[in-house]
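The values are calculated or read from the model by the stated rules, or taken from the named source; none is laboratory data. What you are looking at is a predicted structure, and each value in this text was computed from that prediction instead of being measured. All Cβ positions, glycine included, derive from the backbone under ideal geometry; neighbour counts span all protein chains shown. Ligands, DNA and RNA are excluded from the accessible area calculation, which covers all protein heavy atoms including side chains. Shrake-Rupley method; radii C 1.70, N 1.55, O 1.52, S 1.80 Å.
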Amino acid sequence: MSEPGSPVPPTSPLLSRVHTSAPDTESAIDRSIPEFPAATPIDEDNYFRLHRPPPYLSQISSDVAEFINFHHRVNRKVALVTSGGTTVPLENNTVRFIDNFSAGTRGATSAEYFLEKGYAVIFLHREFSMLPYSRHYSHTTNCFLDYLTESPDGKKVEVDEKFQKEMLVVLKKYRYAQENNLLLMVPFTTVHQYLFTLKLIAQEMSVIGYDAIFYLAAAVSDFFLPSSRIPQHKIQSKEVGGKLVVDLEPVPKFLRRLVDSWAPIAMIVSFKLETDNTILISKARTALKRYNHQLVIGNLLQTRKKQVVFVTAEGERWIKLDPEQIKENVDIESIIVPEIINSHNAWIESRKRMGL
Ligand code: 9Z3
């Protein structure tokens, strides 16, 4: 959360005041089509057998195992926070790819609140999307140079007096997380890398059982181009007759495999994104039933920073920022995450009672 009434950096004259990241809502995709079925063990076997794992996966595996063991020894709970959009490459030597809008704000902000509440966080994020702590100064419409000034003697760079207080708070939290090995950054870019890495991390995390929470905020593509059909080199316009027709396959819905097989004792929270408010709750409820996990958080593209709806087996509950909180720039994640941590504690108690 930004400090209430904290100074707003001037928009650099070099940056445009026009924002291009939000397209015309009239052109939003109609997602009222039925959901794809949950992935079966056969779908899982096919996908992970027919696609080559990313070459760096063993490096990630040892980093994750070390991180989990480190926190397991002191009984610290671990949150896997996924964040940002996945790409769908159209060529192996990728010039063109399909992407989505997600900047990773939800994930990066939520990770900060999990850390604040004493969790260790594995941050599975789209490379170059928002990161916990640095998000306060990156990806904004303000240039980071606007936070800086020259020292009076003109020999050094200093943080502008106006931003000292707020930046010091962020810096201390960042350093604390770093020095105590509380935050492990794991990147992905493509949907394929995301899926391989999610499965790997889930399996590594199984040693901590119910002390693990999965907070799946990444915007994962619903469609992809299987490796058997990806051309090796840049698609040549003359070869496709001047028209590019993209024929994508549905991405298997591995959330069910996560719940049933990869992390069966952990608490799992997924997000459901829609653009049409009339279908949000029913789609979230369908996802909850289909994947059989603990919580779906529904949100609309247009209002996701101000309101979300928690959908559980017991019912649904909205969390909405009030006008005062909106004015004060309260992060909605500062409300979402503590609520989830309460549910996680209840989840742990219920698992213990079952003797798990
Ligand atoms: C979300 O719904 C996230 O809240 C947002 C956050 C992606 C909207 P930003 O990065 O946006 O802060 O700009 N994430 C999940 C979206 C998703 O792909 N869900 C799947 C689905 O809807 C289910 S796992 O089918």
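Observations
- Residue match in the range 65-80 (condition: at pLDDT 95 or above, closer than 22 Å to PHE214 by Cβ and within 16 Å of the ligand (Cβ to nearest atom)): yes
- ASP45, sole failed condition from (1) open to solvent by 10 Å² or more (accessible area, probe 1.4 Å); (2) modelled with pLDDT of 95 or more: (2)
- Flag for SER110 being touching a Ser or Thr at 6+ places or on another chain (Cβ under 7 Å), within 13 Å of the ligand (Cβ to nearest atom) and modelled with pLDDT of 95 or more: no
- Residue within the range 228-241 that is assigned to a helix (DSSP H, G or I), of a type outside the set (A, V, I, L, M), over 26 Å from PHE114 (Cα atoms) and away from the ligand (no atom under 15 Å from the Cβ) present: yes
- No other residue among LEU171, LEU115, LEU145 is free of Cβ contacts under 8 Å to residues at least 40 places away in the same chain and farther than 21 Å from LEU255 by Cα apart from LEU171.
- Every residue from the range 260-293 that is in a loop (DSSP other than H, G, I, E, B), open to solvent by less than 50 Å² (accessible area, probe 1.4 Å) and aliphatic (A, V, I, L, M): ALA263, ALA266, ILE279
- The set of residues in the range 195-212 that are over 16 Å from TYR119 (Cα atoms), open to solvent by 20 Å² or more (accessible area, probe 1.4 Å) and either under 14 Å from the mean Cα position of the chain (by Cα) or of a type in the set (D, E, K, R) (or both) comprises LYS199, GLU204.
- Of all residues in the range 213-259 being closer than 23 Å to TYR47 by Cβ and of a type in the set (Gly, Ala, Ser), the one that is most open to solvent (accessible area, probe 1.4 Å): SER228
- Residue match in the range 276-290 (condition: of a type in the set (Asp, Glu) and either out of contact with any Ser or Thr (no Cβ under 9 Å at 6 or more places or on another chain) or modelled with pLDDT under 95 (or both)): no
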